[in-house]
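Here's the structure we're looking at; comments come further down.
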Amino acid sequence: MADVYVVTGAGPVGWTVAEQLADLGRQVRVLTRSGSGPQHPLIELIAGDAKDPEVLRSALAGARAVFHCIHGSAYTAAAWRAELPAAEQAVLTAAHQAGAVVVFPESLYSYSEPDSVMTEGSPRHAAGGKRGVRTELLRAREAATTPTVSVVAGDFFGPRVRMAHGGERMVVPILAGKNVSVVGSSRQPHSFTYVPDLATAMIAAADRPSAWNAIWHAPTGPALTQMELAHAFAAAAGRPAPKVRALPGWTLRTAGMLSTDARELAEMLYQFERPFIMDSAASQAALEVGPTPLETAAAATVDWWRQQG
């Protein structure tokens, strides 16, 4: 029987991982509450709760690797703490029984010295809020008896990435011929990761037992300002470069006194008010992967958005 690769979640990361696995000729199962996911002859879509031990036991039968790509129901520390640790522990337990490695997409939130260029060896001790939740998740994975891999990425952009700084907040107004509004600063360098590159690195790590029980960085190109990223999208769309207006941090912090969404976004403003840069050279060498050129990635992103109408 062929090895099976299981993907939990069908957001931008899970969907892309599943597609790439199937394109490699792998047998894939995608587990979501709704049974949604990419259509492909090698992909089986399963409806079920990824926290249910019985559902997981069935879905992971014969699995070689599990790609756990489920995110919280809300962008809040409270939702993450209530939902994510239990879900990860359930998957780790089921994967241990199946003899599978678990691969997680991860953010830069846990890095406790973000003013320095972040590498795989940088300290990850951030505490409090959403940052603290990510730190706790990484510690639980490290303590697990199941082999794990965490692949860290910067802010996402790419096909299927909607609610993101490099998603609908930027591409949609550009395609409509409008100006772009960003948070923090439009001129500070920031690491943005193309989601297909993250997916490629996750699969490469799963295929290499020597890469297990470690944290790697997704292949990520040189840091870009938000203005540079917007101009790259505009060039790919054949549109004039938009004016890029930065919303100062104090406006979000003030709004956060009344709005939960604004308060949760304001917590992460440090990433956009100062340089926020990751380095992926070590991971690129170890996993034999590299970032997609910006021009190619921007073109694929714009093309996907155009298909959405």
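The values are calculated or read from the model by the stated rules, or taken from the named source; none is laboratory data. Since we're looking at a predicted model, the values are computed, not measured. Ideal geometry is used to build each Cβ from the backbone, glycine not excepted, and the neighbour counts take in all protein chains shown.
If the requirement is being in contact (Cβ under 8 Å) with a residue 60 or more places away in the chain and either more than 30 Å from Ala143 (Cβ to Cβ) or among the small types (Gly, Ala, Ser) (or both), which of these qualifies: Ala223, Ala234, Ala241? Exactly one residue qualifies, and that residue is Ala234.
Against the condition of a type outside the set (Val, Ile, Thr) and under 20 Å from Arg162 (Cβ atoms), how does Gly14 come out, does it pass? In short, yes.
When residues in the stretch 249-286 are screened for being surrounded by 13 or more Cβ atoms within 10 Å (Cβ to Cβ) and not in a helix (DSSP H, G or I), 12 of them pass.
Residue pairs whose Cβ atoms lie under 8 Å apart, separated by 6 or more positions or on different chains, with the first residue in the stretch 253-274 and closer than 17 Å to Tyr109 by Cβ and the second of a type in the set (Val, Ile, Thr) and at pLDDT 75 or above, are Glu264/Thr76; Leu265/Val183; Leu269/Val183; Phe272/Val182; Phe272/Val183. Scanning the stretch 180-239 for residues that are surrounded by fewer than 22 Cβ atoms within 10 Å (Cβ to Cβ), in a loop (DSSP other than H, G, I, E, B) and of a type outside the set (D, E, K, R) yields Ser185, Ser186, Gln188, Pro189, Trp212, Asn213, Gly221, Pro222, Ala223, Thr225, Gly238.
In the stretch 112-158, the qualifying residues are those that are of a type in the set (S, T, N, Q) and farther than 16 Å from Val91 by Cα, and the one that is surrounded by the fewest Cβ atoms within 10 Å (Cβ to Cβ) is Ser116. The test for being in contact with a Leu (Cβ under 8 Å, 6 or more places away or on another chain) and over 26 Å from Ser112 (Cβ atoms) does not hold for Arg253.
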